[in-house]
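Each reported figure results from applying straightforward, stated rules to the coordinates on display, with no laboratory input. Given the structure is predicted, the values throughout are model-derived calculations rather than measurements. Cβ placement follows ideal geometry from the backbone for every residue including glycine, while neighbour counts extend to all protein chains displayed.
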């Protein structure tokens, strides 16, 4: 299988998604449009993964490729091809599918509780998860549910945590790819930003990693493997 991965920032971890793709023997082509505006050609890949970034889904003035990426995600999802948008990627898929991006309205950071909707509990990717589960979050933006989308998961601060378009087009607001190793690296790379989000993070991180993070690793890998199986 040929999988195009779009990275939207300089430090991008594939995490649990990378594990599942390598287990499946995927051939991966990387795109960094924040550098050169280059995007995948849909006829040259079997699946598309779009990771997060510090920009918003509406920052066309600084990242002019965003409208085209949102449209590409919608095109592939509506063709029932496998598309996965994580954090910013989910916001771009929502944008491409006609949803409203709501900037700065839903800040979440750390391992947080997410709950499945009834549709999520029956979804082929999320059904193996508990009704509520811890998973890593790092975002301030959210979105309305795109027209025709299946609403799969929610949290107290962001009602639309996961949705599906067509057979295999998934938007996941939460960072299920972020294993404890990924979170540890983010903590080293962005201490000042994280301190502003959670002043107690440095002290509490080791405890949360051994409790919530341990379970989140298992859930994240289960999600990744289930999505990869749909390619």
Helix-only CD estimate at 222 nm, as mean residue ellipticity for the chain, using -39500 (n - 2.57) per DSSP H run (n ≥ 4): -10000 deg cm²/dmol
For residue 196 and residue 71, calculate 0.36 nm times their separation in residues minus their Cα-Cα distance, and state this gained length in nm to one decimal. 41.6 nm
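Need one number: % antiparallel among DSSP beta bridges in the chain, to the nearest 5.
Details: 19 of 36 bridges.
Around 55 percent antiparallel, to the nearest 5.
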With the chain treated as a Gaussian network of Cα nodes joined by springs under 10 Å, which of 42, 124, 147 yields the largest mean-square fluctuation? 147
Computed log₁₀ I(q)/I(0) - Debye formula, equal Cα scatterers, no solvent, segment 79-231, q 0.12, 0.13, 0.19 Å⁻¹: -0.47, -0.56, -1.16
What's the ranking of 18-30, 185-197 by average number of surrounding C-beta atoms within 10 Å, highest first? 18-30, 185-197
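What does the extension gain come out to for residue 103 and residue 122, with contour length at 0.36 nm per residue minus their alpha carbon separation? All intermediate terms of the calculation are to be shown ahead of the outcome.
On the way: separation 19, 0.36 × 19 = 6.84 nm, distance 3.00 nm.
Gain in length upon complete extension: 3.8 nm.
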